[in-house]
Amino acid sequence: MSSFTAPSSTNDAAEGKSELQQNLDRYRQVWLFSGLALEPLKLLAYLSTRETLKPGEPLFHRGELPTAMAVVLAGTLHAYAAAEAPPAGAREPDASFGPGDCVGGLALLGKETHNYTVVAAEPLSYLTLSREKLQRAMQQYPDIGLKLCEALATRVSQWDRSALDALARQETRLGVSLL
Amino acid sequence: MVTKKPLFAWVKESSLKLQLLLLAVIGVTVAARVFPLEMQKKIINEAISLKQVELLVLYSGLYLASVLLASGLKYVITLLQTSIGERALQQMRQQLFEHILTLPLGFFRKTSAGTVIASLVQELTAAGEFVGAAIAIPVTNTLTLLGFAAYMFYLSPTMAAISLALYPVLIFLLPPLQRRTNNWNKARVESTRVLSNKISESIGGIHEIQANGANHIEGRKHFRFLQDLYRIRITWTLYRQGVKVLNNLFQSTGPFLLFLVGGWLAINGRFDLGALVAFLSAYEKIYDPWKELMDFYQVYQDAKVRYAKTMEAFDVEPEFVLQPAEARAKQELAGAIEIKNLVFEVEGGIRLLNGIDMSLANGEHLALVGFSGSGKSTLAQCMGQLYKYTGGSVQIDGREVAELPKSDIAHNMGYVAQAPFIFDGTIQENLLYGVEADLPLDAPRDDMGRVTDPALLPSLDRMIEVVQQTGIFQDVLRFGLNTVLAPEQGAQAELRNKIIAIRQDFRNDHGPDLADYLEFFEEGRYLEHSSLAANLIFGHPVKSDYAVENLAKSQFFKNFLSEAQLRLPLLTLGDELARQTVDILGELPEDALFFEQSPMLPEELESWKEYVARGRIPLAQLPQEDQDRLLELALRFTPGRHKMVPFSRLLETLVLEGRGRFRTALEAHDPGAVSFYRADGYIESQPILDNILFGKAKTDQPHVMERIQQAIVMLLIEQDMLEAVVSIGLQFRVGTKGDRLSGGQKQKLAIARAFMKEPPILIMDEATSALDNRSQSRIQNLIETKWKGRATLVAVVHRLDIIKNFDQVAVMKAGKIVEQGTYAELMAKKGSLYELVHGAQQH
Ligand SMILES: Nc1ncnc2c1ncn2[C@@H]1O[C@H](COP(=O)(O)OP(=O)(O)OP(=O)(O)O)[C@@H](O)[C@H]1O
Ligand SMILES: [Mg+2]
């Protein structure tokens, strides 16, 4: 039960910051939104809602159409390249995400289905923005689309570079479609 | 075609009766205008000079009567003129609108909705005005002019000749002056544009200007342009005023000649005094009809140009006929499609489709796949008679699609567009849109074109069946559950009782499971997902004075707020909510989606913007009206949903304390005015869902809502209430363009709308692209079990996991079909489809 009252970081609450302001502070640190002007970013923060997941509950499944992006506030998400997540602890996840990480933003710009199943590994609280709302916001600030594309291009290029390094060390790098 | 109609055709077409009436009234009016002049003469010559009081009274009376009559008739003329004009305008708009609806889709690629709106709404008004005036103004004024002139000749031919001699001079002088005025006006517009560009440049480069301290340079440039504008504006004004002065000059020098000549004649006894006065009046009055004629000429010019431009813009032939030439029953087609060497060429000689061949037996299913932009939608649109192909043929049952009337195509085809459009109205209205359009034109219909005879329409059972098949059932059910029952719906008393019964079962069966997601209406707790008003009242208003929208105006409630020390905190809260919302949404359109997370309603935004623009004023000093509005906003505040302001512990405590106080105070003041939340009572102000939950859901995340709804569906079925709630849900209003529906819901509704017709041919252009997997497979199943063999299906498909069971798969590339066959064949061939499938999987 306690996991369901969205954990607001105590500092912010004490300062009397509204949840919107806290969301905005978060979003200003998310790489996907870097480059956005304050007004559109404020709109996105305002349109986002805080949600929670219990351990084991899925954020989305492989093969599903992306409907929302998520920014982790507290807790951990595990991604598996499978239709269902294995039982907790059965195997290492293919990728994992912690506070401040953004999951599923790239997917919102395209029409492809998810390649991974993503579940909460611990009690999770996250900020989520639906495709519908993002699109409506983009219609108002067309610049949003452009900036997201720029941020993604940068990120994909960085990813590729790090993948090359990883290749040299014979590690695998998975999960670019989760960006 | 309406666009070929000359402007004058509308004058001819306008009601003959009205026009004749108008002419008759004009005749009398002209007489009534000239008559007072004669009276004037008689008053001076007969009554005054002969000192006859009775005559004086008689003539003055007649004078007054004719002046009154003339004014009255003038009013009648205006009325007639307006009604003729407005009727013509109405006809013009309607006919043009109907014409525009038939124009080829390609036309709308180039013409924006804004252009169409401007044409229909603004551009045509001038033409309408002209049609109204076309007879009244020229006839009235010419006749009046002639009447006055004739009267003047009757009084004194010499003097009439002298005074009217001036007018030809005017006609000679005015037009060139007017032309120059117009030229200078054009120069003025151009120069203003140049100045605007300059200003825009300066503002755009403001960083550079300030960084370089170049203010003086920009200032000088600006001044140069200002000087040009100054010169042009002065010249323009000189000419413009010149025209006026010239007119006035003639107007006032006329009497000078008349005094001189008329006086001389009068002194010599060749002209009596009364006649002179009458003559002067006539001369003065002749100017008015003259001016009106001049103005009318302007109106005519303006109307002519704008009318021609508007009609020219839409002067395009429709590509298809709407109805068969001779009345006959609609063609029933079986649905075999035969395409031969189909070519669709657009401007620039680009072939969007280039030699397509295919053949589908009736009942066969074809999946159309390929890269974005390869022409899949275009092919579907050519089959659906939305585009007219430029070469080759598309035949259905051996009939050329391009030649069939639209009514036959619509009767036999269900078309789900790639971005389906949903109209403002209820779910049910949208669901029946295709069926209603397909009913005969002469079926009884209301003003909105909706069929009024329920026997002609599908039954509720049938609608629910389709709603279920297309998977929009869950959504419709949710809309039903989220409806607040209207109080007057007395027949729903039974419904209310059943809902309360379900509430008990829900608590027992699912309460513990779902408790995490729900917030029950509990006495001692602040309800984060209910409004502040609901938290205070903790009940629903029986008397409308206590409804949230009236609460802030109730004196009793205001007194209570002050006593509970809530007034100032609530004003502050309201103020903060207003400022935050305006800050975030102030420049955005009034889109309901944006306002979901604010207590402000979209239509209130403008007035709150004004409030914020006034700056900060101590809240207690605000006008009463503003304070009431702030309170109302604060009373709607729901901390679980509205996150733009922090919700303090202090306020929470005050409200919780206030809840008990309010109850005590109200019981004493107005017992029974509010019915407090009770586990065994129906809460009128809450939707069905919240009545069942006896609380609110904490989130609207789909997976949570789904769980809650699953639990409720079982209980609804037990109480035999499912259909009742679904039929309430069918009345949900979807908002403009279906804005209150999600993308997936819109798609499902569009599919249901097409299925509702049970057509022999279905064209679905990425119809399931926004659906979740479950909805998609449901529709896929339905297509395979219900439609295979019964309806020919052409489905453009993006997600390749669903095409295995189609009879044929066609792969498109750059306007051509590069591969066609069954899924298995094509995969075995390892050609384009194989590449597409595996390419798609590698991402
Ligand atoms: N009437 C027209 N005039 C000019 N160009 C057009 C016209 N109709 C479509 N096009 C263009 O033709 C191309 C093919 O469009 P079409 O919509 O058929 O592709 P598609 O295969 O359905 O692609 P998608 O998968 O993106 O829906 C596009 O580039 C489109 O902009
Ligand atoms: Mg398409």
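Values in this text are rule-based calculations from the coordinates and carry no lab data. Treat the numbers as computed from the prediction; the structure is a model and nothing was measured. Every residue, glycine among them, receives a Cβ derived from its backbone with ideal geometry; neighbour counts consider all protein chains shown.
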Worksheet item: Quick one: helix B:460-469 against the long Cα principal axis of chain B, what's the angle to the nearest 10°, folded into 0 to 90?
Response: 60 degrees
Item to complete: Give the whole-number value, in cubic angstrom per residue, of the convex hull volume spanned by the C-alpha atoms of region B:631-695.
Response: 129 Å³
Discussion item. Can you compute the equivalent ellipsoid semi-axes for the protein assembly as shown, i.e. the square root of 5 times each eigenvalue of the Cα gyration tensor, sorted largest first and rounded to whole Å?
Written reply: 67, 42, 33
Worksheet item: Cα axis of helix B:493-514 to longest principal axis of chain B: angle in degrees, 0 to 90, nearest 10?
Response: 50 degrees
Discussion item. Longer than 24 Å from Cα to Cα, which of B:K698/B:K737; B:K498/B:K757; B:K406/B:K757 are they? Say none if no pair is.
Written reply: B:K698/B:K737; B:K498/B:K757
Response to the item:
Ordered by fewest other Cβ atoms within 10 Å, a rough proxy for footprinting exposure, B:D772, A:D25, B:D447, B:D680 read B:D447, B:D680, A:D25, B:D772
Response to the item:
Cross-link reach from B:K829 to lysines, straight Cα distance under 28 Å and at least 8 residues apart if same chain, gives A:K111, B:K340, B:K376, B:K788, B:K804, B:K813, B:K816
Worksheet, complete the sentence: In Å³ per residue, the alpha-carbon convex hull of chain B encloses 306 Å³
Discussion item. Could you work out the pair-distance distribution P(r) of region B:429-534 from its alpha-carbon pairs, with 5 angstrom bin width and percents rounded to whole numbers?
Written reply: 2, 8, 11, 13, 17, 16, 10, 7, 7, 5, 3, 1, 0
Practice prompt. Treating cross-link reach as a plain straight distance, find the lysines whose alpha-carbon is under 24 Å from the alpha-carbon of B:K558, omitting any fewer than eight places away in the same chain.
Written response: B:K543
Worksheet item: Once the principal axes of the Cα atoms of region B:522-676 are found, what is the range along each, listed largest first in whole angstroms?
Response: 46, 32, 29
Response to the item:
One computes Rg over Rh for region B:153-312 from alpha-carbon atoms, with the Kirkwood Rh, and obtains 1.26
Discussion item. On alpha carbon coordinates alone, what is the Rg over Rh value for region A:2-178, Rh being the Kirkwood radius?
Written reply: 0.97
Fill in: Sorted by Cβ neighbour density within 10 Å, fewest at the top, the residues B:H529, B:H207, B:H838, B:H540
B:H207, B:H838, B:H529, B:H540
Worksheet item: What's the long-distance tail for region B:52-145, i.e. % of Cα pairs beyond 16 Å?
Response: 69 percent
Worksheet entry | Least to most buried among B:F806, B:F320 (fewest other Cβ within 10 Å first) | B:F320, B:F806
Practice prompt. Measure nothing fancy, just the Cα-based angle from helix B:773-782's long axis to the longest principal axis of chain B, in degrees from 0 to 90, nearest 10.
Written response: 90 degrees
Practice prompt. Evaluate peptide B:185-196: per residue, the Cβ atoms of other protein chains within 10 Å of its Cβ; return the mean as an integer.
Written response: 0
Worksheet item: If you find the alpha carbon centre of region A:37-67 and of region B:786-843, how far apart are they in angstrom?
Response: 34 Å
Fill in: Mean-position separation - Cα centroids, region B:669-704 and region B:142-205, in angstrom
72 Å
Worksheet item: Amide H neighbours of B:G355 under 5 Å, counting only residues 5+ apart in sequence or on other chains, H built in-plane at 1.01 Å?
Response: B:L342, B:V343, B:F344
Practice prompt. Filter the DSSP H helices in chain A by two things, a Kyte-Doolittle mean of at least 0.0 and an axial alpha-carbon span of 24 angstrom or more, and list the hits by number.
Written response: A:143-168
Item to complete: Just need the relative contact order of region B:522-676 here, percent rounded to a whole number, with Cα pairs under 8 Å and 6+ apart.
Response: 47 percent
Worksheet, complete the sentence: Debye calc, one equal point scatterer per Cα of region B:393-483, no solvent, log10 I(q)/I(0) at q = 0.12, 0.16 1/Å comes to -0.51, -0.85
Worksheet item: Can you give me the Cα centroid spacing of region B:22-98 and region B:733-772 in angstrom?
Response: 63 Å
Worksheet item: Ratio of region B:388-429's C-alpha Rg to 2.2 N^0.38 Å, to two decimals?
Response: 1.56
Practice prompt. Sum -39500 (n - 2.57) across every DSSP H segment of at least 4 residues in the protein assembly as shown, then divide by the residue count to get the 222 nm mean residue ellipticity, nearest 500.
Written response: -18000 deg cm²/dmol
